[in-house]
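K.L.:
There's a structure below that I have some questions on.
The numbers here are math on the coordinates, done by the rules we state, and not lab data. Remember, it's a predicted structure, so these values are computed and weren't measured experimentally. As a convention, Cβ positions derive from the backbone with ideal geometry for all residues, glycine included, and neighbour counts pool all protein chains shown.
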Amino acid sequence: MSEQPKVKVVYRRLRKRLDRMPVGAPRSRSLFEILSILFSEEEAAVAAKMPQKPASVDKISRYTGVDESALRPMLEKMADKGLVMDMLNPDNGKTYYLLAPTVVGFFEFSLMTKRDDIDQKKLAQLFHEYMFEEKEFGHNVFRGRTQLGRALVHETALTDEQRAGILPYESATAVVEAHETRAITMCYCRHKGALTDEPCEFPLDICMSIGDGADYLIRHKLARAASKTEMLEKLAQARELGLVQMGDNVKENVGFICNCCGCHCGVLGGTNVHGIPFTMNTSNFIAAPDADACKGCGLCAQRCPISAISMQEYTRADGKVRQRAVVDEKFCLGCGVCVGACKPGCMRMEPRPARVITPENTIERVVSMALERGSLGALMFDDESRTDQRFMRRFVNAVLTLPPARQAMLNDTLRSRFLSFMMKQVASGAAKSGADGAHKP
């Protein structure tokens with residue numbers, strides 16, 4: 001879809017800046033309307049020139065040409081609006097700012113609370129158009145093998161032995177218990193549904209932020225603080241309701257847990273609406289029905305949020321035709337929802353043949369996503385005002401799209417070595433700027 005001629009240049013530049021992020025921002029009339037609602041022209045001009053990595057006010061001032069005295073309050077206001085994320089480095093006392101991506105970012109932040117400073121009803125309709133009625137954004141976001149989120153298997157769907165064997169980052173309970181700062185947020189997806197006259201039957205205040213992410217949202221009144229007890233009760237409620245628990249796709253410092261429904265969730269919608277498999281990375285388990293014991297009731301298929309279970313006819317040894325559950329391994333997330341739905345107890349979770357690779361931390365996830373989506377050059381060379389950096393960005397991206405490079409990245413050993421090297425480069429850049437000690441949402 002071509003850019004509309006009436007779109008102001010500042011929003012075109014912002015769109016291009018957002019599109020250089022791993023999740024991207026394909027051009028669309030609806031996106032330009034979203035940007036014009038959320039960003040003033042002055043804010044859009046600054047955001048379009050912000051570095052890809054967390055940066056101090058003085059660095060952003062150099063990138064944008066805006067004086068620090070005017071820039072600081074602007075960034076603080078943008079943080080209150082959920083357009084940029086701020087983080088404090090306790091070692092040097094500096095605050096660092098990072099432009100929020102579309103998702104997980106300012107799309108969600110704009111509807112996490114009820115606000116009167118923006119037209120949320122109009123935004124909700126535009127989000128629906130951009131993410132569901134149009135296909136470019138969904139196919140762009142989910143095109144790699146490293147996704148923003150991952151399924152956290154329902155612990156109640158596992159045997160005692162299986163529960164004892166899962167690692168802390170695989171357990172929603174352990175993730176909540178590992179952090180001191182916790183928050184409850186309004187579910188962006190269900191709030192969007194309510195605003196577009198398609199309300200969801202599931203609870204609104206049930207999604208969670210943890211650690212530094214929770215700190216950011218609480219400070220800017222985009223979420224409310226919650227106790228460990230309340231968070232654990234919400235997790236249990238979500239499992240009872242058959243919601244998919246999706247966590248931040250990292251091992252260290254998991255930032256969020258969403259409790260997702262198949263009817264409104266944007267991530268699950270990538271599968272249900274656009275037919276894209278694995279829009280979140282799977283858990284290390286997969287659903288496995290007991291074919292001999294299956295009663296053919298179909299409860300598991302009804303509850304599966306992405307229709308990965310179907311009921312198929314078969315002929316028994318006595319000649320009678322019956323139905324039994326069959327799991328499509330090309331789509332099963334390993335969430336465990338079906339186990340809770342199966343009243344006869346004929347569904348179980350089994351370990352996947354090969355363990356799923358989860359990024360160690362946010363840096364590794366971002367680098368992996370950038371590598372897979374052809375935006376690594378933008379992560380490495382982010383100063384748009386410098387001709388040499390613009391050239392190197394395009395050069396790196398072009399090289400990585402060549403068949404030999406793409407083939408090499410399919411080799412897990414070579415990919416792992418390359419990622420290790422790139423993570424050191426990104427971390428080194430953050431250390432030079434002082435942002436490596438900052439708490440990251």
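K.L.:
Long-range amide H contacts for Ala25: which residues qualify at under 5 Å (H placed 1.01 Å from N, peptide plane, sequence gap of 5 or more or a different chain)?
P.N.:
Hits under the 5 Å cutoff: Asp19.
K.L.:
Tell me the volume per residue, in Å³, of the convex hull enclosing the alpha carbons of the chain.
P.N.:
159 Å³
K.L.:
Quick check for me: using +1 on Lys/Arg Cβ and -1 on Asp/Glu Cβ, what's the dipole size of the chain about its Cα centre, in debye to the nearest 20?
P.N.:
For this selection, approximately 1060 debye.
K.L.:
Near the amide H of Ile286, under 5 Å away, which other amide H atoms are found, from residues 5 or more places off or on another chain, if H is placed in the peptide plane?
P.N.:
Glu350, Arg352
K.L.:
Could you state the principal axis extents of the C-alpha atoms in segment 281-390, from the largest down, to the nearest angstrom?
P.N.:
76, 22, 22
K.L.:
Taking the Cα centre as origin and putting +1 on Lys and Arg beta-carbons and -1 on Asp and Glu beta-carbons, what dipole magnitude results for segment 146-272, to the nearest 20 debye?
P.N.:
320 debye
K.L.:
Give the residue from Ala55, Val84, Met21 lying farthest towards the positive end of the charge dipole for segment 9-138; charges sit on Cβ (+1 for Lys and Arg, -1 for Asp and Glu) and the dipole is referred to the Cα centre.
P.N.:
My answer, from the dipole projection, is Met21.
K.L.:
Which aspartates and glutamates have a Cα lying under 18 Å from the Cα of Lys295, excluding residues fewer than 8 positions away in the same chain?
P.N.:
Counting by Cα, and skipping residues close in sequence, Lys295 has these aspartates and glutamates nearby: Glu313, Asp318.
K.L.:
Between their Cα atoms, which of Lys94/Lys251; Lys122/Lys234; Lys77/Lys114; Lys8/Lys122 are more than 22 Å away from each other?
P.N.:
Table pairs above 22 Å Cα-Cα are Lys94/Lys251; Lys122/Lys234.
K.L.:
Test of understanding: express the Cα radius of gyration of segment 9-138 as a ratio to 2.2 N^0.38 Å, with N the residue count.
P.N.:
Relative to the rule-of-thumb radius for its length, segment 9-138 sits at 1.04.
K.L.:
When the dipole is taken about the Cα centre of segment 57-141, and only Lys, Arg (+1) and Asp, Glu (-1) are charged at their Cβ, what size is it in debye, to the nearest 20?
P.N.:
80 debye
K.L.:
Continuing with the same structure: Considering amide H positions built from the backbone, and no H for Pro or chain starts, which residues 5 or more places from Asp119, or on another chain, come under 5 Å of its amide H?
P.N.:
For Asp119, whose amide H was placed from the backbone, there are no distant partners under 5 Å.
K.L.:
Compare the Cα positions of Met369, Phe256, Ser227 along the charge dipole of the chain (+1 at Cβ of Lys, Arg; -1 at Cβ of Asp, Glu; about the Cα centre) and return the one farthest towards the positive end.
P.N.:
Farthest towards the positive pole: Met369.
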